[in-house]
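Here it is, the structure in full.
The values are calculated or read from the model by the stated rules, or taken from the named source; none is laboratory data. Since the structure is predicted, the reported quantities are computational estimates derived from the model, not experimental observations. Every residue, glycine among them, receives a Cβ derived from its backbone with ideal geometry; neighbour counts consider all protein chains shown. To get the accessible areas, we keep the full protein, side chains included, count just its heavy atoms, and leave off ligands, DNA and RNA. Shrake-Rupley method; radii C 1.70, N 1.55, O 1.52, S 1.80 Å.
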Amino acid sequence: MVERVYHDPLHGAIALDQSDPTEALLIQLIDTPAFQRLRRIRQLGPASLTFHGAEGSRFTHSLGVLAVARRAFDRIARDYPQLLPHRTIVLCAALLHDIGHAAFSHTAEEIFGSDHELWTRRILRESEPIRQLLDRFAPDLIDQLEAVFLKKYPLPLVWQLVSSQLDCDRLDYLMRDSYFTGASYGHIDLDRILMAMRYDPVTQQLVVAKKGMAAIEHYLIVRYFMYSQVYNHRKNIAATWVLLKTFQQARYQLKLGNLEADQNVRAWLNQDGNQIELDQYLAGDDGAFLYHFQQWRSHSDPVLADLSRRFLDRDLLKSLDISQLEESDRDLLLEKARYWTTQAGFDSSTYCGLRIAVSRGYTLYDRGIHIQTTTGLREIGELSALVQTLTQPIQKVWLIYLREIDDKIKSFVDKAGELL
């Protein structure tokens, strides 16, 4: 047996058997330029400016999702061998689910208006090396994968393993992001969760054995804390703001004819993020944009130069949670912050503003999570008071502002808080 082995810090040796047609296909897909490009895209976007260990890539995450999906599917298929014809679909979808991500991962979708899921489907059809591999394996394989990504595959279990409230994508990224950020509260019991996963032949969906409910509750709590403490960390909020404003200023300078940028970056700045050419999309990785930031930090426009420098040097703006203030006080604070920003000699629309972050531990998105009971399938929220609590959205309002006005901001907030 000839194997290709990928050594992963979480899952150990991920070994693919080249004598297995499906796993041989996976190896070939991994070796394509479009997939290798994921090595150059950080999994957590600008979060490495907050958590210095968060340098993992979309490439390592995608291999991790494949490893988890293979364990989950193969275990279920041992009890239901009629599922085996779907193995190729599950494993290819797990591997390729993030191939459409652009630079800075999810942050790019806000900056450029791109949709990584749409691009995943486009890349399968338009990237010649990938399309040839998939078509050669089975003429309808791309159509089947697209059905999985659109959650229209006729067997719900298949797309639920890839994208649902309890999927292999979430299981891997919670473990991986916890590991690389050093967030100890991000640990989940993967073995117990996979052992509890079941297939319900009546509804053809992914379900969970009753004995595994505690592990699922823990997983949902972990997800809530990772969103509130890592993904929506105040420094991440500030880093994303600086990134957004840098590209906003770059677009403005490009319209003035005062920006040096290669043709790929020009396309990203000029066009709808979902409409650019495939080659230009695939060229938009972290390194390409950070190279331009290095050039722009010497730009004649002081705002673009300053923003580029701030991002590269991690000289970020301040962010303060003002959720506890009444809306009228937030509006007044924002007005004052803009005034103080202008007084300090900075553009108030660039260096000051509000960001809203919403965290929720669980929703009924994509059928929710169903538990096997003696009286039939029950949605987990019906059985767990803890999960019912996690369905409540938590919204935080952040004020972004200059370090130079920090004392004034905090003094205002302290006085407003005393009146509440």
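Suppose a student asked you for the relative contact order of the chain, using Cα pairs under 8 Å spaced at least 6 residues apart; what percent would you report?
Across the chain, relative contact order equals 15 percent.
Now a separate question. Tell me, what is a quarter of the convex hull surface for the C-alpha atoms of the stretch 15-154, in nm² with one decimal?
Details: hull surface 37.0 nm².
Average of the hull's projected areas for the stretch 15-154 equals 9.3 nm².
What value in Å³ per residue do you get for the convex hull of the alpha-carbon atoms in the stretch 323-365? Please report the intermediate quantities before stating the final value.
Details: hull volume 4.3 nm³, N = 43.
Roughly 101 Å³ of hull volume per residue.
Pull out a ≥ b ≥ c, the square roots of the eigenvalues of the alpha-carbon gyration tensor of the stretch 77-227, then state rounded if a/c is under 1.5, prolate if not and a/b is larger than b/c, and oblate in the remaining case. Kindly include the intermediate steps, with their values, before the conclusion.
Numbers: a/c = 2.32, a/b = 1.15, b/c = 2.02.
Oblate, because a/c is 1.5 or more while a/b does not exceed b/c.
Before I look further, what does the stretch 1-110 give for accessible area per residue, probe 1.4 Å, in whole square angstrom?
On the way: 4040 Å² over 110 residues.
With all protein chains present, the stretch 1-110 gives 37 Å² per residue.
Going Cα to Cα from residue 235, which aspartates and glutamates come in below 20 Å? Please leave out same-chain ones fewer than 8 positions away.
Correct list for residue 235: 55, 109, 110, 177, 286, 306, 313, 315, 321, 404, 406, 407.
May I ask for the equivalent-ellipsoid semi-axes of the chain, computed as the square root of five times each C-alpha gyration tensor eigenvalue and listed largest first in whole Å? Before the final figure, lay out each step's value.
On the way: eigenvalues 323, 168, 55 Å².
So the three semi-axes of the chain are 40, 29, 17 Å.
Report the gain in length on full extension from residue 332 to residue 347: 0.36 nm times residue separation, minus Cα-Cα distance, nm rounded to one decimal.
Numbers: separation 15, 0.36 × 15 = 5.40 nm, distance 1.81 nm.
Here the answer is 3.6 nm.
Moving to a separate point now. Over all directions, how big on average is the projection of the convex hull of the alpha-carbon atoms in the stretch 259-325, in square nanometres?
Values: hull surface 26.1 nm².
The Cα convex hull of the stretch 259-325, projected and averaged over all directions, gives 6.5 nm².
Could you work out which residue, out of 50, 350, 342, moves most in a Gaussian network model of the chain, that is, has the largest mean-square fluctuation with Cα springs under 10 Å?
In this elastic network of the chain, the residue with the biggest mean-square fluctuation among 50, 350, 342 is 342.
A follow-up question, please. What percentage of all Cα-Cα pairs in the stretch 179-237 are separated by more than 16 Å?
Values: 922 of 1711 pairs.
When every Cα pair of the stretch 179-237 is considered, 54 percent fall beyond 16 Å.
Hey, another quick one. How much of the accessible area of the stretch 261-378, in percent, comes from carbon and sulfur atoms when a 1.4 Å probe is used? Spell out each step's value before the answer.
Working: 2570 of 5810 Å².
Exposed carbon and sulfur together represent 44 percent of the surface.
Test of understanding: in a Gaussian network model of the chain with alpha carbons linked when under 10 Å, which of 336, 235, 318 would top the mean-square fluctuation ranking?
Taking springs between Cα atoms under 10 Å, the residue moving most is 336.
Still on this structure: Could you provide, to the nearest whole Å², the per residue accessible area of the stretch 330-415 with probe 1.4 Å? Write out the running numbers ahead of the final one.
Numbers: 4600 Å² over 86 residues.
Spelled out: the 1.4 Å probe surface of the stretch 330-415, per residue, equals 53 Å².
Quick one: compute the contact order of the stretch 1-47, relative version, from alpha carbon pairs under 8 angstrom and 6+ residues apart, as a percent.
Values: 35 pairs, mean separation 10.9, N = 47.
That works out to 23 percent.
Another question about this same structure. Connecting C-alpha atoms closer than 10 Å in a GNM of the chain, tell me which of 54, 214, 283 has the biggest fluctuation.
Answer for the Gaussian network model of the chain: 214.
For the stretch 311-420, which semi-axes, largest first and in whole Å, follow from the square roots of 5 times the eigenvalues of its Cα gyration tensor?
On the way: eigenvalues 351, 55, 20 Å².
Over the Cα atoms of the stretch 311-420, the semi-axes work out to 42, 17, 10 Å.
So what's the projected area for the stretch 32-108, the Cα convex hull averaged over all directions, in nm²? Don't skip to the answer; put the middle values down first.
On the way: hull surface 23.0 nm².
Taking the Cα atoms of the stretch 32-108, their convex hull projects to 5.7 nm² on average.
Right, something else. Between residue 280 and residue 229, what length in nm is gained on full extension when 0.36 nm per residue of separation is reduced by their alpha carbon distance? The partial results should precede the final answer.
Details: separation 51, 0.36 × 51 = 18.36 nm, distance 3.46 nm.
My answer for the length gained is 14.9 nm.
Here's another thing I want to ask about it. Taking the alpha-carbon distance from residue 255 and a cut-off under 20 Å, which lysines remain once sequence neighbours fewer than 8 residues away in the same chain are dropped?
Residue 255 reaches 245.
Going Cα to Cα from residue 336, which lysines come in below 17 Å? Please leave out same-chain ones fewer than 8 positions away.
Counting by Cα, and skipping residues close in sequence, residue 336 has these lysines nearby: 318, 408, 410, 415.
While we're looking at this one, here's another question. Size of the dipole of the chain about the Cα centre, Lys and Arg at +1 and Asp and Glu at -1 on the beta carbon, nothing else charged, in debye to 20?
The calculation lands at about 480 debye.
Relative contact order, percent, of the stretch 33-132 when contacts are C-alpha pairs under 8 Å separated by at least 6 residues? Provide the component values of the computation, followed by the final result.
Numbers: 111 pairs, mean separation 29.1, N = 100.
So the answer I get is 29 percent.
Just how far, in whole angstrom, is the stretch 86-150 from the stretch 284-306 if you go by their alpha carbon centroids?
Value for the Cα centre distance between the two parts: 30 Å.
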